[in-house]
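What follows is a short report on a single structure.
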Amino acid sequence: MNDLHELRCVPCRGDEPPMDRAKAEELHTRIPEWELDDSSGELKLIRKFKFRNFKEALDFTNKIGQIAEEEDHHPAILTEWGQVTVSWWTHKIHGLHQNDFIMAARTDRLYPDRQEK
């Protein structure tokens, strides 16, 4: 199978069930920095990214927005001074879909993690 970031999102019809926890945990091994979180009652992928200042955090947020628009799949994003928290899940099915893992992997590729934090 290709790397997750190379896959394309498929339209979610909304009548399919969310991914079960076992499948989510299997795919989670491919994006280990993300947290599987179900504290809201819906299983989500959440990750905090660190930056040196607000401008870098905002630039990263805008890059995520661009890839979200390209795939018509949008996360919740909290942009703060020095930090961006990204949450991926599929609203239509109230849980995770393969698209969320694809977009999390693409988000990882946008992160300039080689910078000093």
Task: Net charge dipole size for the chain [Lys, Arg +1 and Asp, Glu -1 on Cβ; Debye, nearest 20] - done: 340 debye
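Pairs of Cα atoms under 8 Å, at least six residues apart: use those to get the relative contact order of the chain, whole percent. It would help to have the intermediate numbers written out before the result.
Values: 168 pairs, mean separation 40.6, N = 117.
Across the chain, relative contact order equals 35 percent.
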TODO: Kindly provide the helix-only [θ] at 222 nm of the chain, computed as the sum of -39,500 (n - 2.57) over DSSP H runs of four or more divided by all residues, to the nearest 500 deg cm²/dmol?
DONE: -10500 deg cm²/dmol
Task: Tilt relative to the chain, helix 54-71 - C-alpha long axis, 0 to 90 degrees, to 10 - done: 30 degrees
Task: Debye-sum result for segment 1-43 in log10 I(q)/I(0), which assumes one identical scatterer on each alpha carbon, at q = 0.21 Å⁻¹ - done: -0.94
Task: Principal axes of the chain: Cα extent on each, largest first, Å - done: 41, 28, 24
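Every number in this text was worked out from the coordinates using simple rules, so none of it is lab data. Everything numeric here is computed off the predicted structure, so don't read it as measured data. Note: ideal-geometry Cβ built from the backbone for every residue, glycine included; neighbour counts use all protein chains shown.
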